[in-house]
Amino acid sequence: MKLANSLGVKVDQIDFKQHLDRSKDYCILNTGTPQIGGTHWMEVSNKDKMYFDPLGLPRPSVIPSNYKYREVNIQNPRFGHCGQQSMLWLYYLQHNQLDKFYELFLSQ
């Protein structure tokens, strides 16, 4: 939450994907489970009906099929920057600049 607060990003839920609360606008979810612990972070905007995964993994079943998703891999699986990239995605989403977010990674 410290990073979110410093960027002025609204985050309503940080939890495991199994606990997705669709009444919350902006959710940062972990693909792990409480039993095995955290593994990978992804982002859901219930407000905008959008989903983001830095690894470009297929949509988990907890994400509604009508949510927009750009299946693009922007993260090297050997590096653990998924939490920061999810936060950055949220920042650009909340500032109506998602195209600029993807340009950061796809123009390389």
Amide H proximity to F16 below 5 Å, modelled H, separation 5+ or other chain, gives N30
Under the Karplus relation 6.51 cos²θ - 1.76 cosθ + 1.60, θ = phi - 60°, what is the ordered set of whole-Hz ³J(HN,Hα) values for the range 67-77, x standing for Gly and Pro? 6, 5, 8, 9, 7, 9, 8, 10, 10, 6, x
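If you stretched the chain out fully between Q35 and R22, how much longer would it get, using 0.36 nm times the residue separation minus the C-alpha to C-alpha distance?
On the way: separation 13, 0.36 × 13 = 4.68 nm, distance 2.27 nm.
Difference between extended and current length: 2.4 nm.
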Can you list residues from other chains, or at least 5 along the same chain, whose modelled amide H is less than 5 Å from the amide H of M50? S45, K68
Between N73 and Y102, what is the label-point separation in nm under the 7 Å Cα-to-beta-carbon projection? 1.8 nm
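How high is the relative contact order of the range 2-106, given as a whole-number percent (alpha carbon pairs under 8 Å, six or more residues apart)? Don't skip to the end; give the middle numbers.
Details: 168 pairs, mean separation 22.0, N = 105.
Value for the range 2-106: 21 percent.
Once every DSSP H run of n ≥ 4 in the chain is given -39500 (n - 2.57) and the sum is divided by its residues, what mean residue ellipticity at 222 nm do you get, rounded to the nearest 500 deg cm²/dmol?
Working: 3 runs with 28 residues, N = 108.
After summing the helix terms and dividing by residue count, I get -7500 deg cm²/dmol.
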So what J values fall out for the range 56-62 if you push phi through Karplus, 6.51 cos²θ - 1.76 cosθ + 1.60 with θ = phi - 60°, rounded to Hz, Gly and Pro as x? x, 6, x, 4, x, 5, 6
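Considering only the chain, what is the antiparallel percent among its DSSP beta bridges, to the nearest 5?
Working: 9 of 15 bridges.
That works out to approximately 60 percent antiparallel.
Readers should treat all values here as calculations from the given coordinates under stated rules, not as data from a laboratory. Small disclaimer: the values here were computed from a predicted structure and weren't measured. A quick note on method: Cβ atoms are made from the backbone with ideal geometry, for glycine too, and the neighbour counts reach across all protein chains shown.
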